[in-house]
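The values are calculated or read from the model by the stated rules, or taken from the named source; none is laboratory data. Only a predicted model underlies this, so the values are computations on that prediction, with no experimental measurement involved. Neighbour counts run over all protein chains shown; Cβ positions are idealised from the backbone, glycine included. We work out accessible area using only protein heavy atoms, side chains counted, and drop any ligands, DNA or RNA first. Shrake-Rupley method; radii C 1.70, N 1.55, O 1.52, S 1.80 Å.
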Amino acid sequence: WRRAFLRRRSPEDLGAERHHLMDIIHTKLSPPPLRGDAVVRHQLLQALDVARLCKLTLVSAPAGFGKTTLLAQWFRMARDQGLECAWLALDHDDGEPVRFLSYFVAACRSQWPGFGTAAMQRVETSPPADIAELLPQLVNDLGTSTTPRMLFIDDSHHAGQPMISHFLELLCNL
């Protein structure tokens, strides 16, 4: 339902943005387009709007129950309310820690320019044993705004590798 494409970087791009360790599939960094016949679940959207005050909100339901559609609607609603929102859609290939981190940084950077530059430079020059070691740099990058920020991670179960789970747990507990 979504067309994915790889954007090859020119040598000039590589010089300007060396933090990219791989090509990024850019369609994973924005919510899917909403179909005109999508059901708007007003009660769930109201509950999610209240839940945005929490550090973590998990939407869980069986396959085909409209989780991605609901998240895409919430994303657009939050954006319309002036919140800074980034989107990351994961798939089965994103369970490797450095790949996950590259996408995490790319999603944040799509909304917050400059995010994660120091962390990704460190990954390139001296990869840490655990990506959680990069949290101080990433949190400092996030802390530069007074506007609330939201990161939507669709299909987060693909980030189930213990190191990634630990990274996300520490991020939520800060």
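What residues have an amide H closer than 5 Å to that of MET150, excluding those fewer than 5 places away on the same chain, when H is modeled at 1.01 Å from N in the peptide plane?
Placed amide hydrogens put GLU84, CYS85, ALA86 under 5 Å from MET150.
Efficiency by 1/(1 + (r/R0)^6): what FRET value for ALA129 and ALA61, r their Cβ-Cβ distance, R0 = 25 Å, to the nearest 0.05?
Efficiency, rounded to the nearest 0.05: 0.10.
Quickly estimate the mean residue ellipticity at 222 nm for the chain, helices only: each DSSP H run with n ≥ 4 gives -39500 (n - 2.57), and the total goes over all residues, rounded to 500.
So the calculated ellipticity at 222 nm is -12000 deg cm²/dmol.
Show me 33-42, 154-163, 94-103 ranked by packing, highest mean number of other Cβ atoms within 10 Å first.
Highest to lowest by the protection proxy: 94-103, 154-163, 33-42.
How long is segment 105-159 along each principal axis, judged by its Cα atoms, biggest number first, in Å?
Each principal axis gives a Cα extent; for segment 105-159 these are 32, 29, 17 Å.
Where only protein heavy atoms count, and the probe is 1.4 Å, what is the accessible area per residue for the chain in Å²?
Per residue, the chain has 58 Å² of solvent-accessible surface.
What's the ranking of 65-77, 140-152, 122-134, 81-93 by average number of surrounding C-beta atoms within 10 Å, highest first?
65-77, 81-93, 122-134, 140-152
Quick check: from the Cα gyration tensor, does segment 72-168 come out rounded (a/c under 1.5), prolate or oblate?
The shape class here is oblate.
Let me make sure I get this right: for segment 58-112, a, b and c are the square roots of the gyration tensor eigenvalues over alpha carbons, sorted descending. Under 1.5 in a/c it's rounded, otherwise prolate if a/b > b/c, else oblate. Which is it?
Cα axes put segment 58-112 in the oblate bin.
Debye sum, Cα scatterers, the chain, no solvent: what log₁₀ I/I(0) at q = 0.16 1/Å?
Cα-only, vacuum Debye calculation for the chain: -1.04.
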